[in-house]
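Worksheet: one structure, shown below.
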Amino acid sequence: MESPREQWSGKLGFILAASGSAVGLGNLWKFPYITWNNEGGAFVLVYLLCIVAIGAPVMMSEILVGRRSRRSPVEAFKTLGHPRWSFVGWLGVIAGVVILAFYAVIAGWSLRSFVQCVGWSVDGYEAPPEAAFGAFLADGGTQVGLGALFLGATALVVARGVSGGIERATRILMPVLFAIMIYLVVNVMFLDGFVEALVFLFRPNFSGLSGHAVLEALGHAFFTLSLGMGGMLTYGSYLRRQDSIPRIAMTVAALDTLIALVACVIMFGIIFSVPSLRATMESARSTGEGVSTVGMLFVTLPNLFYTKMPGGAVVGPLFYVLVAFAALSSTISLLEVVVASVSERLSMARGRATVVASAVVFGLSCGCALSLGANEWASSVRLFGGLERLNTLVTGGKTGFLSIFDHVAANWLLPLGGLALTIYAGWVMPAADTQDELDGVGDDGEVRRGYVVWRICARFVAPAAIGWIVVQVLLGGDFS
Ligand code: TRP
């Protein structure tokens with residue numbers, strides 16, 4: 001009836017593609033700044049807990065639903081006999097479009113930083129005026145253009161399909177990324193701030209931890225592992241039967257976490273080595289304003305490469321290549337979810353579906369690109385207009401398309417999508433099916449302990465934890 005479904009060439013292909021999806025701006029851009037604003041230690045601990053107790057089991061659930069159904073998120077549930085659950089797939093497609101729209105814009109900034117660094121490496125470093133980044137953000141044409149460039153590159157890969165496009169790209173991107181990270185962290189080990197960065201990250205101080213911070217940690221665990229919107233489900237649908245889902249999921253989660261922590265060590269290590277900088281950043285945090293979302297990765301760091309780091313002229317441009325690569329392997333996975341769903345649902349050829357999906361995303365992405373100062377309305381819009389309480393509750397009071405998209409997708413769509421998916425895998429799917437997918441029964445016919453742990457997490461721990469956090473935030477009275 002139809003051509004056989006594409007597959008990864010093997011386990012490594014899947015691991016590279018899935019960790020390519022997971023490792024991205026979430027690790028390099030978002031995690032460091034939210035960790036800084038939430039005072040390190042305790043936040044990191046909560047985040048790690050979320051990865052282990054919620055992230056990993058949810059990832060296994062997503063992959064197994066994908067492999068069992070061999071369908072995209074919008075068709076998977078119907079194929080498995082539960083068409084009513086298809087809303088989870090649709091929610092995922094919406095989340096994918098929303099995330100991709102703002103993600104591509106931020107990814108575009110790495111291209112600018114790269115070009116800038118190359119200029120500095122060649123012509124010598126000259127500190128840019130303080131207002132330069134703001135002016136760059138407010139330049140609508142550039143923002144739209146860079147975002148479009150990134151979407152275009154993403155579409156080119158996705159149009160080529162699973163093994164010929166996605167796997168081939170990530171086979172190059174990921175090893176290069178690991179190599180650059182190692183080079184950077186080795187450099188940072190020789191700076192004064194290295195040890196302090198470790199202390200900041202790993203010494204918990206619970207006094208600063210709020211309900212919102214816990215939700216943020218949870219939301220970020222979903223975001224960084226690419227969970228809750230069918231990304232891993234889609235990649236899982238191309239996974240070969242003989243590959244072990246639990247092992248693969250744990251490898252991907254561990255790699256992603258390692259890279260996020262290493263990114264923090266690199267950034268904080270540099271920042272702690274410069275007393276004046278550290279003071280400014282600490283005061284930004286203590287006024288409650290927090291360091292700006294753009295500041296750390298795109299403004300502070302380039303300067304430090306050229307003023308503080310030996311070999312900065314090499315490291316600088318290289319670092320932004322890394323950011324761009326990491327972002328690209330993530331945008332690929334976001335677009336793949338939308339393309340797989342559209343092409344399967346409407347029986348459209350992959351190439352065509354890619355064009356349609358990218359066009360829709362590009363439209364929204366223009367809104368994000370113009371929301372950084374270029375357009376007054378796009379920059380100040382609120383999700384619920386004048387309804388202050390609702391704005392605070394749902395969007396954390398954020399204004400402008402980019403910030404709103406980011407907040408709503410990460411803090412609400414992903415955790416709720418993940419919640420629905422685990423409930424499906426834990427309660428609705430027959431245990432025999434999940435056992436089969438997760439190698440739940442040993443050769444001796446006994447149910448394996450690892451499977452039991454997964455099932456407890458999927459049925460109880462993850463849903464309870466997500467539900468509890470959401471209720472806390474809804475009732476928390478913490479939103480004045
Ligand atoms: N995980 C990626 C990051 O950390 C972003 C991402 C890619 C994503 N695909 C996703 C997030 C699917 C949520 C869902 O940058």
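The values are calculated or read from the model by the stated rules, or taken from the named source; none is laboratory data. As the structure is a computational prediction, the values presented were derived from the model and not from experiment. Note: ideal-geometry Cβ built from the backbone for every residue, glycine included; neighbour counts use all protein chains shown. Please note that ligands, DNA and RNA were not included when accessible areas were found on the heavy atoms of the full protein model with its side chains. Shrake-Rupley method; radii C 1.70, N 1.55, O 1.52, S 1.80 Å.
Look at where the Cα atoms of segment 175-221 and of segment 415-480 average out, and the two centres are 28 Å apart.
Helix 312-345 and the longest principal axis of the Cα set of the chain meet at an angle near 30°.
Distance from the alpha carbon centroid of segment 102-137 to that of segment 372-401 works out to 27 angstrom.
Overall, the ratio between the Cα radius of gyration of segment 11-382 and 2.2 N^0.38 Å, rounded to two decimals, is 0.97. Taking all protein chains as they are arranged and a probe of 1.4 Å, the heavy atoms of L45 leave approximately 80 Å² accessible to solvent. If R0 is 30 Å, the Cβ-Cβ spacing of R352 and K78 corresponds to a FRET efficiency of close to 0.85.
Working out 0.36 nm times the residue gap between W427 and D123, then minus their Cα-Cα distance, what length gain in nm do you get to one decimal? Each step should come with its number before you reach the end.
Details: separation 304, 0.36 × 304 = 109.44 nm, distance 6.17 nm.
Extending this stretch completely gives an extra 103.3 nm.
To put it simply, the accessible area of the chain at a 1.4 Å probe is 64 percent carbon and sulfur. Taking every alpha-carbon pair under 8 Å whose residues sit at least 6 apart, segment 395-479 reaches a relative contact order of 27 percent. Among the GluC sites (Glu not before Pro) in segment 121-174, those placed in a DSSP loop whose Cβ has at most 11 other Cβ atoms within 10 Å are E126, E130. Farthest toward the positive end of the dipole of the chain, out of C368, I15, L64, is the Cα of L64, where the dipole comes from beta carbon charges about the Cα centre.
Between the helical axis of 414-423 and the dominant principal axis of the chain, each derived from Cα atoms, what acute angle in degrees is found, rounded to the nearest 10? Here the helix axis deviates by roughly 20 degrees. Contact order for the chain, expressed relative to its length and based on alpha carbon pairs under 8 Å spaced 6+ residues apart, stands at 32 percent. In the context of the full set of protein chains, the chain has a per residue accessible area of 39 Å² (1.4 Å probe).
Which loop-located GluC sites (Glu not before Pro) does segment 369-449 contain, where loop means any DSSP state but H, G, I, E or B and the Cβ has at most 11 other Cβ atoms within 10 Å? For GluC sites (Glu not before Pro) across segment 369-449 that sit outside H, G, I, E and B with at most 11 neighbouring Cβ atoms in 10 Å, the list reads E446.
Each label point was placed 7 Å from the Cα along the Cα-to-Cβ direction; for S9 and V185 their separation is 2.7 nm. Positive-end ranking of F194, L209, M309 along the dipole of segment 11-382, with charges on Cβ about the Cα centre, is headed by L209. Only the Cβ atoms of Lys and Arg (+1) and of Asp and Glu (-1) were treated as charged; on that basis the dipole of the chain about its Cα centre amounts to roughly 940 debye. A crude spin-label estimate for the pair T287 and T392, with each label 7 Å from Cα along the Cβ direction, gives 2.1 nm.
Could you tell me the calculated FRET efficiency between V453 and T399, based on Cβ-Cβ distance and R0 = 56 angstrom, to the nearest 0.05?
0.85
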